[in-house]
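Below is one structure; the comments refer to it alone.
The values are calculated or read from the model by the stated rules, or taken from the named source; none is laboratory data. As the structure is a prediction and not an experimental result, all values here were calculated from the model. Note: ideal-geometry Cβ built from the backbone for every residue, glycine included; neighbour counts use all protein chains shown.
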Amino acid sequence: MATTIIEPFRIKSVEPLRFTTKAQRAGILAQAFYNPFLIHADDVLIDLLTDSGTSAMSSRQWAAMMEGDESYAGSRSFYRFEAAVKKITGMQHIIPTHQGRASEKILFTITGGKGKSFLSNTLFDTTRANIEFSGAEGIDLLTETGKLPSVRAPFKGNIDLDLLEKTIIEKGPTQIAMCIITVTNNSGGGQPVSTENIRKASSICKKYGVAFFIDACRFAENCYFIKQREEGYAAKTMIEIVNELFSYADGCTMSAKKDAFANIGGFLALNDDVLTRECRNLLVITEGFPTYGGLAGRDLEAIAVGLEEIMDEHYLKYRIRSMEYIGEKLEAAGVPFVKPVGGHAVYLDAKAFLPHIPLHQYPGLALSNALYIEGGIRSVEIGSLMFGKYAVDGTLVPAQMELVRLAVPRRVYTQSHIDYVAEIIIDVFKKRQELKGYEIVYEAPLLRHFTAKLKPVG
Ligand code: F0G
């Protein structure tokens with residue numbers, strides 16, 4: 001019997017790749033100040049910078065876009081979008097936004113502010129930045145297991161429940177703006193959170209009157225992991241698992257650029273009437289009228305169809321399996337990475353990969369840049385360049401982990417692209433001793449990794 005899991009689609013339209021030489025790439029990287037975010041995408045062969053907004057849309061999504069109703073108010077496309085989001089989240093009020101961080105900005109402007117704390121398993125960079133921009137603080141309470149790249153466990157995205165309760169008591173419940181759980185945990189290896197963890201975290205929050213939210217970007221991948229790994233869920237349908245997950249929450253923020261196969265879009269889903277009114281008021285002056293919120297009618301259509309397609313178990317099986325496939329290749333070659341492989345990305349463990357590069361010379365960036373020069377692969381550092389802070393004496397306070405994320409766009413690359421990626425990683429691993437660190441020559445005060453300029457050490 002055939003055991004190969006095939007891509008559950010065929011390809012109707014293709015984009016050619018542009019090939020460069022290694023010498024050209026070394027020059028391109030220098031011109032980009034050694035920051036992969038500053039490279040022209042045309043100079044990238046396989047772009048694994050992000051799975052966000054990079055999905056291949058289906059013919060059904062493209063067809064739906066032609067049906068887009070561009071009415072300013074009360075667009076038919078909005079009602080289609082609203083119904084699709086309600087079906088998944090079960091929430092009362094659906095607010096479209098142009099992407100995830102716009103939902104965050106609106107929600108945190110209202111709920112955040114000086115003196116407030118946001119508790120999470122791990123906040124993603126834009127989420128943390130929006131919290132801090134409001135004057136509040138973000139606190140990550142990941143379980144100890146979640147912080148150990150080489151330890152295999154089924155739900156390494158779980159929040160530490162004891163720490164959650166302790167922190168609520170210490171800070172005082174009225175000072176906690178909300179607990180927001182990221183599924184899957186993007187900054188911590190794309191690891192899932194179990195239903196049990198969500199249910200218990202939610203009930204701790206209820207006990208103290210603290211709002212409980214979900215950062216739902218990759219909800220479908222998270223729920224497929226639940227189906228595979230959590231006792232009692234194997235026989236449940238995706239919609240049952242997804243509905244249960246959201247049933248514990250007071251609301252969610254979402255970037256439709258991930259688990260909705262859209263190139264742009266997002267939403268806020270809420271149950272509270274008063275909070276919804278306040279969010280809509282802010283929406284009108286920042287994003288747009290409540291029935292389009294920063295999106296065109298056609299975008300709302302693409303999201304509505306994408307939310308249906310993402311729940312297809314054939315797709316999710318292929319998606320999760322193709323990620324495991326890279327993991328198996330790297331494991332066989334002894335390459336250190338976060339285990340098990342995440343839902344949308346492989347996270348190389350740069351600390352273990354390049355132990356000779358000190359943390360203040362950004363081993364993650366060194367590895368990411370080496371992958372670009374060696375094979376034209378673009379990845380992203382999720383380590384001290386992204387999350388590092390400075391102590392009062394100016395020394396670097398490093399991030400919890402030094403990771404390099406290779407995020408796989410949905411339905412875009414085939415198995416041979418992935419084979420090539422694994423080969424390049426293994427080639428770089430073989431010559432890891434030759435790699436050198438970097439120092440920063442320019443940085444912005446917030447989200448510095450996007451625009452930082454660097455130079456090689458020495
Ligand atoms: N939350 C999580 C967990 C995310 O991964 C992202 C985006 C956002 C919020 C913000 O959404 O981009 O639509 O504004 N992550 C992208 C990434 C950028 O590459 O992981 P957005």
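Looking only at region 235-256, residues that are buried (at least 24 other Cβ atoms within 10 Å of the Cβ) and within 13 Å of Ala220 (Cα to Cα) come to 5 in all. Here's a check for you: in region 86-115, which residue that is within 19 Å of the chain's Cα centre (by Cα) and charged (D, E, K, R) is farthest from the ligand (Cβ to nearest atom)? Out of the qualifying residues, it is Lys105.
Against the test of being closer than 25 Å to Glu82 by Cβ and either buried (at least 19 other Cβ atoms within 10 Å of the Cβ) or at pLDDT 95 or above (or both), the options Ala177, Ala211 yield a single qualifying residue, Ala211.
Confirm whether Ile357 is in contact (Cβ under 8 Å) with a residue 40 or more places away in the chain and touching a Gly at 6+ places or on another chain (Cβ under 6 Å). Spell out the reasoning first.
Numbers: in contact (Cβ under 8 Å) with a residue 40 or more places away in the chain: yes; touching a Gly at 6+ places or on another chain (Cβ under 6 Å): yes.
Spelling it out, Ile357 is indeed in contact (Cβ under 8 Å) with a residue 40 or more places away in the chain and touching a Gly at 6+ places or on another chain (Cβ under 6 Å).
In region 31-66, the residue that is surrounded by the most Cβ atoms within 10 Å (Cβ to Cβ) out of those that are of a type in the set (Ser, Thr, Tyr) and more than 16 Å from the ligand (Cβ to nearest atom) is Tyr34. Residue-level check: of (1) part of a loop (DSSP other than H, G, I, E, B); (2) in contact with a strand residue (DSSP E or B) (Cβ under 8 Å, 6 or more places away or on another chain), Ala234 misses just (2).
Yes or no: Thr89 polar (S, T, N, Q), within 24 Å of Ala262 (Cα to Cα) and either touching a Gly at 6+ places or on another chain (Cβ under 8 Å) or surrounded by 21 or more Cβ atoms within 10 Å (Cβ to Cβ) (or both)? Yes. Scanning region 241-264 for residues that are closer than 26 Å to Ser203 by Cβ and away from the ligand (no atom under 12 Å from the Cβ) turns up Ile241, Val242, Asn243, Glu244, Leu245, Phe246, Ser247, Tyr248, Ala249, Asp250, Gly251. Whether any residue in region 265-284 is surrounded by fewer than 21 Cβ atoms within 10 Å (Cβ to Cβ), more than 16 Å from the ligand (Cβ to nearest atom), at pLDDT 95 or above and not in a helix (DSSP H, G or I) is what I want to check. Checking region 265-284: at least one residue is surrounded by fewer than 21 Cβ atoms within 10 Å (Cβ to Cβ), more than 16 Å from the ligand (Cβ to nearest atom), at pLDDT 95 or above and not in a helix (DSSP H, G or I). Leu348 passes every criterion in (1) within 16 Å of the ligand (Cβ to nearest atom); (2) surrounded by fewer than 23 Cβ atoms within 10 Å (Cβ to Cβ) apart from (2).
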